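Since every read-out is calculated from the coordinates, none of them should be taken as a lab result. What you see is a predicted model, and the numbers here were worked out from it, not measured in a lab. Positions of Cβ are generated from backbone atoms using ideal geometry, with glycine treated the same way; all protein chains shown enter the neighbour counts.
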Amino acid sequence: MASERGARTGPARTKTPPVFMYHSISPSDQPDPYRLRVHPDRLDRHLRLLRRSGLRGVSLSELLRAADRGEARGLVGLTFDDGYTDYLEHALPILQRHGMTSTLYAVAGRLGGGNEWDDGPRLGLMDADRLRTVAAAGQEVGSHTMTHPHLPGADAESLAAEIGGSRTVLQDILQADVVSFCYPYGEFDDAAADAVRAAGYDHGCVIGDYDPGDRFTLPRCYVSPRDTGAHLVARMARHAVRLRLR
Ligand SMILES: [Zn+2]
């Protein structure tokens, strides 16, 4: 494993296009202390801006496949963490209107429940049927562990249960390969990244962390509830600079 670890901190940095991270998409005006909610009209403006810029939003799997072929130019990644039910009602129609795909990261041990890992407002999580609807609509479902724990420092047994176990659950539900993983809170360490690889995923993503930034720790750009198109453009420019500088 030493050589793999070496690869992660060395030249294996994956030069993927920017990946945007959303959570809840809803017109609700309830308190949002963790700034997880983007209004559907705002998402629509973001995707319209991408299209006007000649860009197309795609799922992480599609993005990585294109990057592997050297054909990722013109693409950006779109991800939605936690698997909130509002994705079906509010995000999916907008994605479809713009001809874009995304990866939805589900917490496999909390399906049909709520975001109990946050001590803020409760948001509903999709159940198995809704996840199948997401997949049938041509969107990707990835894993966000079983229970949304903090992974760094976890023992091998917990890592296997959270990372590998969630893949098994989601594959049983979807009857399809689940290849995309997302670290809760964006937190990872070498052991967690190794566990993602060992569990059979193709890639994993974090939050705004460019070190090491390889296939199993892909950086993402957080989208805040108030981000305008100009903010997105600035985030994309910053992403390009950070990848070139290293
Ligand atoms: Zn999360």
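Observations on the model:
- A Cβ distance below 6 Å, combined with a sequence gap of six or more or placement on separate chains, defines the contacts here; from the range 43-66, residues that are under 11 Å from PHE20 (Cβ atoms) reach residues that are part of a helix (DSSP H, G or I) in the pairs LEU43/ILE94; HIS46/LEU232; GLY57/LEU50.
- Where a residue in the range 68-80 is under 15 Å from HIS239 (Cα atoms) and its partner, wherever it lies, is of a type in the set (D, E, K, R), with Cβ under 8 Å and at least six apart: GLY74/ARG56; LEU75/ARG56; LEU75/GLU62; VAL76/ARG56; GLY77/ARG220
- Tally, over the range 112-132, of residues that are closer than 25 Å to VAL19 by Cα and free of Cβ contacts under 8 Å to residues at least 40 places away in the same chain: 1
- Residue check for LEU50: more than 21 Å from ASP177 (Cα to Cα), touching a helix residue (DSSP H, G or I) at 6+ places or on another chain (Cβ under 7 Å) and of a type outside the set (Gly, Ala, Ser): no
- Filtered residues of the range 169-180 (kept if touching a strand residue (DSSP E or B) at 6+ places or on another chain (Cβ under 9 Å) and assigned to a helix (DSSP H, G or I)): VAL169, LEU170, ILE173, LEU174
- Elements of type strands (runs of 3 or more DSSP E) in the range 70-168, at least 2 residues being within 16 Å of the ligand (Cβ to nearest atom) and within 25 Å of ASP29 (Cα to Cα): 75-82, 103-106
- Single match in GLY208, GLY213, GLY165 (criterion: in contact (Cβ under 8 Å) with a residue 40 or more places away in the chain and either surrounded by fewer than 18 Cβ atoms within 10 Å (Cβ to Cβ) or over 27 Å from GLY57 (Cα atoms) (or both)): GLY165
- Residue ID - farthest from GLY164 (Cα to Cα), chosen from residues in the range 181-220 that are in a strand (DSSP E or B) and within 14 Å of the ligand (Cβ to nearest atom): CYS205
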